[in-house]
Amino acid sequence: MAEVDLRMPGTPFSLSFSGGGFLAVYEIGVIQGLLEQAPEILRSASKVYGASSGSIMAAAVVCGLSLDDLKSFFYGAARDVRRTILGPFAPGCSVVRTIQSRLHQILPENSHQMATGRLYVSLTRLVDGQNVVVSEYNSKEELIQALICSCFVPIYAGFIPPSFRGVRYIDGGFSNLQPCSDVETAITVSPFTGEIDICPRDCPAIFYCLHVIHGSIQVSIENLHRIGYALFPPSCLVLNEFYSQGYQDAILFLHRNNILEISYLAKTVTFEFVGVFSKKSLFHAGEQASCQAPGMGVLSISNRTASEGFSKHPNSVTRITREAGNRILQRLPSHCSKEKVRIAKFNNWIHVAANHIHENLYKNGMVFL
């Protein structure tokens with residue numbers, strides 16, 4: 001993937017979200033991370049591409065949709081699918097109908113105007129299997145139809161493909177999983193490990209990557225599990241872990257491009273070590289609590305538990321932070337000298353962040369030196 005200097009103002013680039021089914025919550029986490037730490041990336045992207053469920057993520061970026069509403073939508077859809085053994089194949093379960101009704105609720109009335117010329121949706125034409133990318137929409141209903149066509153998986157979502165402007169299309173990921181233009185630099189996002197800018201980092205075995213339908217997927221057990229989760233969603237707790245991982249991977253991407261400051265790093269480490277310190281309590285909070293507290297709500301639950309823990313274990317802050325840092329570093333590729341240098345620098349920053357967090361907690365009377 002071509003490098004792009006995100007620190008240079010006016011640098012032309014685009015965003016590309018691949019298909020991922022229910023693992024689109026990972027991409028929601030990525031968007032949340034970029035929105036909080038580098039919102040200019042989302043605002044400055046001249047084109048935002050999307051295929052399959054990634055097209056909904058692209059529409060969320062272009063139309064400025066609420067990420068809380070988006071999370072609620074995917075969590076609700078996952079619960080509906082998990083209610084029966086047959087899952088999406090159960091009678092009365094219509095993924096397309098659910099997507100259509102929810103998009104009508106969350107998309108603004110002028111969404112087609114906001115999307116025209118900036119939102120590029122990948123479709124697969126049913127007649128000949130050719131890839132079609134649309135970027136012009138005459139109405140909100142037409143935009144919704146394009147998104148539905150891009151997400152339609154035959155048999156899984158139904159037997160009669162939807163149509164866009166009188167032509168029937170199916171899932172855009174069948175012909176172009178990671179849509180982008182060859183004449184511009186794209187920041188690619190995917191919930192599957194591969195040669196992607198922002199994605200989970202399982203291991204450094206990049207030579208095991210398969211390049212299929214214009215996308216890159218690494219051959220690994222983890223990716224096989226993710227493919228299963230994409231079609232047959234796990235519990236909301238597991239989905240929330242994917243959301244958190246997407247958030248962290250976005251932060252690591254910003255770090256690799258040298259546009260992440262110490263304050264941002266400290267916040268990320270806090271997010272991770274709270275999960276390490278109070279993971280058991282978070283799980284006891286219940287699946288329903290995790291789903292009903294979208295956005296950073298789960299983090300707030302963890303923070304309350306962590307605060308109680310700090311008062312009981314005042315000397316464990318630095319240790320916990322370093323443990324969290326090690327978990328973050330494990331997600332960074334370490335198969336080349338360049339990455340090792342970055343990891344060493346990152347490790348030093350974690351030590352600074354640990355001291356910073358400890359001092360803040362001490363000032364607030366949460367720990368005792």
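The values are calculated or read from the model by the stated rules, or taken from the named source; none is laboratory data. Bear in mind that the values here come from a model prediction, so they are computed numbers and not experimental data. As a convention, Cβ positions derive from the backbone with ideal geometry for all residues, glycine included, and neighbour counts pool all protein chains shown. For the accessible areas, the whole protein counts, side chains as well, though only heavy atoms, and no ligand, DNA or RNA atoms are used. Shrake-Rupley method; radii C 1.70, N 1.55, O 1.52, S 1.80 Å.
Residues in the stretch 155-173 that are surrounded by fewer than 21 Cβ atoms within 10 Å (Cβ to Cβ) and among the aromatic types (Phe, Trp, Tyr): Tyr156, Phe159. Going residue by residue through the stretch 186-204, is there one that turns out to be of a type in the set (Ser, Thr, Tyr), open to solvent by less than 20 Å² (accessible area, probe 1.4 Å) and either part of a helix (DSSP H, G or I) or in contact (Cβ under 8 Å) with a residue 60 or more places away in the chain (or both)? Looking for residues that are of a type in the set (Ser, Thr, Tyr), open to solvent by less than 20 Å² (accessible area, probe 1.4 Å) and either part of a helix (DSSP H, G or I) or in contact (Cβ under 8 Å) with a residue 60 or more places away in the chain (or both), one finds at least one in the stretch 186-204, hence yes.
His255 falls short on exactly one of the conditions (1) in a loop (DSSP other than H, G, I, E, B); (2) open to solvent by less than 20 Å² (accessible area, probe 1.4 Å); (3) at pLDDT 90 or above, and that condition is (1).
Residue count for the stretch 62-87 satisfying the condition of being more than 21 Å from Ser235 (Cβ to Cβ) and touching a Lys or Arg at 6+ places or on another chain (Cβ under 9 Å): 1. For Leu260, the conditions (1) open to solvent by 30 Å² or more (accessible area, probe 1.4 Å); (2) modelled with pLDDT under 85 are fulfilled apart from (1). Asp69 passes every criterion in (1) open to solvent by 10 Å² or more (accessible area, probe 1.4 Å); (2) assigned to a helix (DSSP H, G or I); (3) at pLDDT below 85 apart from (3).
Restricting attention to the stretch 127-167, the residues being within 20 Å of Arg97 (Cα to Cα) and not in a strand (DSSP E or B) number 24. Of the residues in the stretch 154-168, how many are out of contact with any Phe, Trp or Tyr (no Cβ under 6 Å at 6 or more places or on another chain), without any contact (Cβ under 8 Å) to a residue 40 or more places away in the chain and at negative phi? Here the count works out to 4. The test for being over 22 Å from the mean Cα position of the chain (by Cα), β-branched (Val, Ile, Thr) and surrounded by 20 or more Cβ atoms within 10 Å (Cβ to Cβ) does not hold for Val121.
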